[in-house]
Amino acid sequence: MGMVLDIGLIAVAYLLGSIPSAVWIGRRFYGVDVRQHGSKNAGATNTLRVLGLRAALPVFAIDMLKGLAAVMLSHLAGYPAGSDAMFNLKVALVAAAVIGHILPVFAGFKGGKGVATLAGAVLGVYPLAVLLCLVVFAVVFGLTRYVSLGSMSAGVAFPVFVIGVFGERSLALIVFSVVIALLLLFTHRKNIRRLLSHTESKTYLFKRKG
């Protein structure tokens, strides 16, 4: 029964991750499919570039909350808090939500990179470290205007905070934090090439005059 429930929760987490907020908001309120413009990604960053801050804010909020909600499903399984079973289920729910965002069943399996969804999901696993990572993102983005660099910096900072700041000794959690960092670097590999060639686009919260 436990395994059947876990599989059901993972399936629900995938469906939550599949909610294509950028696509639905763009189509419903602006008549635009953001996947046909800009970077072609169905995420908050591309929504900001294509449709502006007013559209991007709810997209970011929904994407982050759906990741958090997916991980919160773990509490329905009845595992003791802090147990290996609970942690393993949370990791599976994180993966399912992010895969849902990248390959959404509700939007033709063409989604975004899943950064906001990943942040929300990991927030349900290790909230204090994630909050510090959001500060890192804000600082790097504020200084450079590169969302990709801010995202990667936050990802790399995650295991640093988990191990160096909070002194975590759980091997499973350490491995999880390192995998998150590597995943963000992998999904931004094209951005890394553009950053190195100085062709990466900068992002501004407000449109500049001229």
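The values are calculated or read from the model by the stated rules, or taken from the named source; none is laboratory data. Not measured: the values here are computed from a predicted model. Reconstructed Cβ throughout: ideal geometry from the backbone, glycine too, with neighbour counts over all protein chains shown. Side chains included, ligands, DNA and RNA excluded: accessible areas come from the protein's heavy atoms. Shrake-Rupley method; radii C 1.70, N 1.55, O 1.52, S 1.80 Å.
The residues listed here are Lys202, Lys207, Lys190; of these, the one that is modelled with pLDDT under 95 and closer than 30 Å to Ala92 by Cβ is Lys190.
Restrict the check to region 148-168 and report whether at least one residue is farther than 29 Å from Ser83 by Cα and open to solvent by 70 Å² or more (accessible area, probe 1.4 Å). No, because not a single residue in region 148-168 is farther than 29 Å from Ser83 by Cα and open to solvent by 70 Å² or more (accessible area, probe 1.4 Å).
Spot the failing condition for Asp6; the list is (1) within 22 Å of His188 (Cα to Cα); (2) among the charged types (D, E, K, R); (3) surrounded by fewer than 23 Cβ atoms within 10 Å (Cβ to Cβ); (4) touching a residue at least 12 places away in the same chain (Cβ under 8 Å), and only one is missed. Every listed condition holds for Asp6 apart from (1).
Looking at region 158-187 only, could you name the residues that are of a type in the set (Gly, Ala, Ser) and closer than 22 Å to Ala92 by Cα? Full working, then the answer.
Filtering region 158-187 for residues of a type in the set (Gly, Ala, Ser) gives 164, 167, 170, 172, 177, 181.
Residues satisfying the conditions are Ser170, Ala172, Ser177, Ala181.
Residues of region 103-113 that are within 17 Å of Gly38 (Cβ to Cβ) and either modelled with pLDDT under 95 or in a loop (DSSP other than H, G, I, E, B) (or both): Lys110, Gly111, Gly112, Lys113. Which condition from (1) over 13 Å from the mean Cα position of the chain (by Cα); (2) open to solvent by 20 Å² or more (accessible area, probe 1.4 Å); (3) not β-branched (Val, Ile, Thr) is the one that Leu89 breaks? Going through (1) over 13 Å from the mean Cα position of the chain (by Cα); (2) open to solvent by 20 Å² or more (accessible area, probe 1.4 Å); (3) not β-branched (Val, Ile, Thr) one by one, Leu89 breaks only (2). In region 22-52, of all residues being under 13 Å from the mean Cα position of the chain (by Cα) and assigned to a helix (DSSP H, G or I), the one that is farthest from Lys190 (Cα to Cα) corresponds to Ala44.
The residue pairs whose first member lies in region 119-141 and is over 18 Å from Val59 (Cα atoms) and free of Cβ contacts under 8 Å to residues at least 60 places away in the same chain, whose second member is open to solvent by 30 Å² or more (accessible area, probe 1.4 Å) and assigned to a loop (DSSP other than H, G, I, E, B), and whose beta carbons are closer than 9 Å, counting only pairs six or more residues apart or on different chains, are Tyr126/Phe166; Tyr126/Glu168; Leu128/Phe166; Ala129/Phe166; Ala129/Glu168; Val140/Tyr146.
Conditions tested, residue by residue: (1) open to solvent by 30 Å² or more (accessible area, probe 1.4 Å); (2) out of contact with any helix residue (DSSP H, G or I) (no Cβ under 9 Å at 6 or more places or on another chain); (3) under 28 Å from Ala138 (Cβ atoms); (4) not small (Gly, Ala, Ser).
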| position | (1), (2), (3), (4) |
| --- | --- |
| Ala11 | yes, no, no, no |
| His37 | yes, no, yes, yes |
| Asn46 | no, no, yes, yes |
| Gly82 | yes, yes, no, no |
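Among the conditions (1) in a helix (DSSP H, G or I); (2) of a type outside the set (Ser, Thr, Tyr); (3) buried (at least 16 other Cβ atoms within 10 Å of the Cβ); (4) at pLDDT below 95, Leu132 misses just one, which is (4).
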